[in-house]
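Inspection log for the structure reproduced underneath, given as structure tokens.
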Amino acid sequence: MDRISLTKPDLNKINSKGYRAVDMHVHTVYSDGLATLDYLAMISKNLSLGFAITDHMTIKGALKMPKNIFFIPGIR
């Protein structure tokens, strides 16, 4: 029986297979989060990680993300 693994994924291995890892629930300073868009852009560049920006009742953060960052606009 397989068990759930809570270890950090190997992002290089994921990316090398043509996939993109995405954090599917990120709040920015445009809602109740602490993440700035500059911080998310830095993390995305350094880790090759995408984001689903899911601020509360707004997509302002997602609309202002740099175009070279992989993100999914969402709303919660």
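The values are calculated or read from the model by the stated rules, or taken from the named source; none is laboratory data. What you are looking at is a predicted structure, and each value in this text was computed from that prediction instead of being measured. Cβ sites come from the backbone with ideal geometry, for glycine too, and all protein chains shown count toward neighbours. Note: areas computed on protein heavy atoms with side chains; ligands, DNA, RNA excluded. Shrake-Rupley method; radii C 1.70, N 1.55, O 1.52, S 1.80 Å.
Search region 13-40 for residues being touching a residue at least 12 places away in the same chain (Cβ under 8 Å) and open to solvent by 60 Å² or more (accessible area, probe 1.4 Å), and hand back the single one that is nearest to Lys60 (Cα to Cα). Among those residues, the one meeting the criterion is Tyr30.
Checking each residue in region 41-66 for being of a type in the set (A, V, I, L, M), closer than 15 Å to His25 by Cα, in a helix (DSSP H, G or I) and open to solvent by less than 30 Å² (accessible area, probe 1.4 Å) picks out only Ala62. Here Thr7 meets the list (1) open to solvent by 100 Å² or more (accessible area, probe 1.4 Å); (2) touching a helix residue (DSSP H, G or I) at 6+ places or on another chain (Cβ under 9 Å) almost entirely, failing just condition (2).
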